[in-house]
Amino acid sequence: MGKILSIAVPSYNVEQYLNKGLPTYADDRLKETLEVLIVNDGSTDRTAEIAQTYVEQYPEIFRLINKENGGHGSAVNAGIDHATGKYFRVIDGDDWVNTDNLVSLIEQMKTLETDIVIDEKREVHMVTGETEHFQLPDYVEKNKTLQFADICSREDIGSYIMIHTLSVKLEVLKKYKIHLLEHIFYVDYEYIVKATCESRTITFLPIEIYQYLVGNANQSVAAANYVKRYSHHDQVTKEMLRFAASKDYTGSRKAYLERKVNLIVHTQYNIALIFNPDRKEGIKQARELRAYLKTNYPQNAQATDKRYHQAVILHYLGFDDRKLNKLMGRN
């Protein structure tokens, strides 16, 4: 029997975290079924050295891939290229898994033939240690193969299909040549959209796997980092627009893709108009994006115009990310 699950672990200067995460895969029960690809993305610390110790202790499970720095997308691409498992997923080098539940997940994957598998995650605050378990919604049928076209019609389903809960059949990634942008942040969104849109079947498993470390001001999803890396998010936004325009989906799959693309455009407007403390620069960025949409993707321009005007109002009212979170009930 070959490997059932390949896990790519993108790792850049994560020496302080690896000895927390890698032991959660180093289990004798996983020797025959799990493949962990530690992708050292040009680290300058002891990441590769630490990773190598696990390769030597558990050669049946771990493989170390050393490469020049190319960003998260490049590390995921390398993982896909080297993976041999039936399913593929991504778990960052500063995170870890629930080992017993991972054993159970892989056991269930042995008999699954669905294109994508969605499970559950837990967020762990790095400062307080507080945790929150994100469970699957009650309305989805669990432990059953479903048609993705039926599921994706739910507008809130995207809240449960995320990089932390998603496993994809490797043959789907290979068949559709899923390849992410490199040297930039925010490609997780690109991966989720492309992988799910090309899938036909989906299974939801109510089992908690990913342990996601939060509370780090350096995380890419912090508002200040969105502003700092505005051009990165802009590239992903435009790649999503290009991808959607290249597809001739119909029905619920088309509507799902349109929602995902418009959502990232909404986020780009928020970064420019609300997150950016330089209000003059922010309004300029938003106007440039709106002009780009009107010229190249008029349907998306029309679909997101309401959000643009809402963000402009909040912009002139002096809203920042904290005030927006409070308005949205996220604080």
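Laboratory data are not the source of any read-out in this text; all were calculated from the coordinates shown. Keep in mind that this is a model prediction, so the values were computed, not measured. Virtual Cβ from ideal backbone geometry, glycine too; neighbours counted across all protein chains shown.
Taking T267, T201, T250 in turn, the Gaussian network model of the chain (Cα-Cα springs below 10 Å) assigns the largest fluctuation to T250. For T145 and Q302, a Förster radius of 51 Å and the Cβ-Cβ distance give a FRET efficiency of 0.90, rounded to the nearest 0.05.
Straightening the chain between A245 and K67 buys 60.8 nm, computed as 0.36 nm per residue apart minus the Cα-Cα spacing. Modelled spin labels at T295 and L317, positioned 7 Å past Cα toward Cβ, are 3.2 nm from each other. Axis of helix 279-296 versus longest Cα principal axis of the chain: the two differ by about 80°, to the nearest ten degrees.
FRET efficiency for the pair A222 and A26, taken as 1/(1 + (r/R0)^6) with r the Cβ-Cβ distance and R0 = 41 Å, rounds to 0.85. Where a ≥ b ≥ c are the square roots of the eigenvalues of the C-alpha gyration tensor, would you call the stretch 130-256 rounded, which needs a/c under 1.5, or, failing that, prolate if a/b is larger than b/c, or oblate? Taking the square roots of the gyration eigenvalues as a ≥ b ≥ c, the stretch 130-256 is oblate. With respect to the chain, whose longest principal axis is taken over its alpha-carbon atoms, helix 47-57 is tilted by about 30°.
For the Cα trace of the chain, dividing Rg by the Kirkwood Rh returns an Rg/Rh value of 0.97.
Which residue, Y256, Y269, Y17, has the most motion in a Gaussian network model of the chain that connects Cα atoms within less than 10 Å? Per the Cα network of the chain with a 10 Å cutoff, Y17 tops the list.
Between T53 and R259, residue separation times 0.36 nm minus the direct Cα-Cα distance comes to 69.7 nm. Remark: for residue pairs K142/K326; K175/K260; K86/K177; K238/K323, the C-alpha separation exceeds 26 Å in K142/K326; K238/K323.
Loop-located GluC sites (Glu not before Pro) in the stretch 45-127 (DSSP state not H, G, I, E or B) with no more than 14 neighbouring Cβ atoms inside 10 Å: E60, E68, E113.
With contributions of -39500 (n - 2.57) from each DSSP H run of at least four residues, the per-residue ellipticity at 222 nm computed over the chain stands at -13500 deg cm²/dmol. Here each label is just a point 7 Å from Cα along the line to Cβ, and for D138 and R229 those points are 3.7 nm apart.
Largest GNM mean-square fluctuation across A195, A223, A75, computed for the chain with C-alpha springs under 10 Å, falls on A223. Gain on full extension, evaluated as 0.36 nm per residue between D156 and T111 minus their Cα-Cα distance, stands at 13.4 nm.
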